Each structure stands twice: as C-alpha cells, then as structure tokens.
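Down below is the structure, laid out as structure tokens.
Each reported figure results from applying straightforward, stated rules to the coordinates on display, with no laboratory input. Everything numeric in this text was worked out from a predicted model, so none of it was measured. Here the Cβ positions follow ideal geometry from the backbone for every residue, glycine too, while neighbour counts run over all protein chains shown.
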Amino acid sequence: MMKYRVKATIYNKRNRIISMGYNSYTKTHPKQYYYASRVGLSEKCFLHAEIAALIKCKEDPYKIVIERYGKDGRPMLAKPCPICLEAIKDYNVKIVEFTGDELIGL
C-alpha cells in the first residue's frame, strides 16, 4: 500500500533530465543500506527516491528536485532525510530543490 508518492529528478548542468527515481516500500539496494548505516538508521532499508535516482545516473548530477504529493495531489514537504542528504553530498550535487520549500545550500 502506498502512503504517498515521492519522486526525485536529477538534472545535468545543461538542465536536462538524466535520471528519475521513486520511493519504494518493497525494494531495497546496497547503496540505500550503506547510507542508512552511515547515519545510524540502518533499519531504513527501503529505497528512497533520491538514492534510486542517484544510482541510475550515467553522468555527473548537478541538480536534484524532490517532489512529494498527498492523496489529493497537492504538493507536500519533501525535504531530504539525513540518509538522502548524505548521498546527495557524496554525489556532489550542487543544487537541491524540493516541494514545500525552495533551495538548500550544500
């Protein structure tokens, strides 16, 4: 059962989409476990949209946009969790945008 939908879209420097990912409540990945363990949340093993998008990248990510929508379709706060922030920093993403707010400076 899906609680809510979270999507992460990654862009290159030319503002072209290079990858997309969604939250999963059934799938996991070694990178998800790695970053979750690094921040002391190893029980958070199901794949987050940000990490799903980052592991699909074939070129350097420049910007990531994270979107979350409620059952009624309205945008909700989608600020990256500590696990995803750790991954975003490791992948050297320059710009982070998310619904419910504007930008995070990393």
When you scan region 1-31, how many residues do you find that are within 24 Å of GLY70 (Cβ to Cβ) and surrounded by 14 or more Cβ atoms within 10 Å (Cβ to Cβ)? 11
Filter result for LYS44 (part of a loop (DSSP other than H, G, I, E, B), surrounded by 16 or more Cβ atoms within 10 Å (Cβ to Cβ) and among the basic types (Lys, Arg)): yes
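Give the residue, chosen from ASN23, ASN12, that is in contact (Cβ under 8 Å) with a residue 24 or more places away in the chain and in contact with a Pro (Cβ under 9 Å, 6 or more places away or on another chain).
On the way: ASN23 fails: in contact with a Pro (Cβ under 9 Å, 6 or more places away or on another chain).
ASN12 is the lone residue from the list that is in contact (Cβ under 8 Å) with a residue 24 or more places away in the chain and in contact with a Pro (Cβ under 9 Å, 6 or more places away or on another chain).
Taking the condition of being part of a helix (DSSP H, G or I) and without any contact (Cβ under 8 Å) to a residue 12 or more places away in the chain, how many residues in region 26-41 meet it? Break it down into steps so the answer makes sense when it comes.
Of all residues in region 26-41, those part of a helix (DSSP H, G or I) come to 30-38.
Pick out the ones that are also without any contact (Cβ under 8 Å) to a residue 12 or more places away in the chain and you get 30, 34, 37.
Here the count works out to 3.
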Suppose the filter is closer than 18 Å to ILE95 by Cα, in contact with a Ser or Thr (Cβ under 6 Å, 6 or more places away or on another chain), surrounded by 14 or more Cβ atoms within 10 Å (Cβ to Cβ) and of a type in the set (Asp, Glu); does GLU67 pass it? yes
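I'm trying to understand the selection: among the residues of region 47-86, which are in a helix (DSSP H, G or I), under 21 Å from ILE17 (Cβ atoms) and of a type in the set (A, V, I, L, M)? It would help to see each step written out before you state the result.
Within region 47-86, the subset in a helix (DSSP H, G or I) is 49-56, 82-86.
Checking the rest, the ones that are also under 21 Å from ILE17 (Cβ atoms) come to 49-56, 84.
Listed by number, the residues that qualify are ALA49, ILE51, ALA52, ALA53, LEU54, ILE55.
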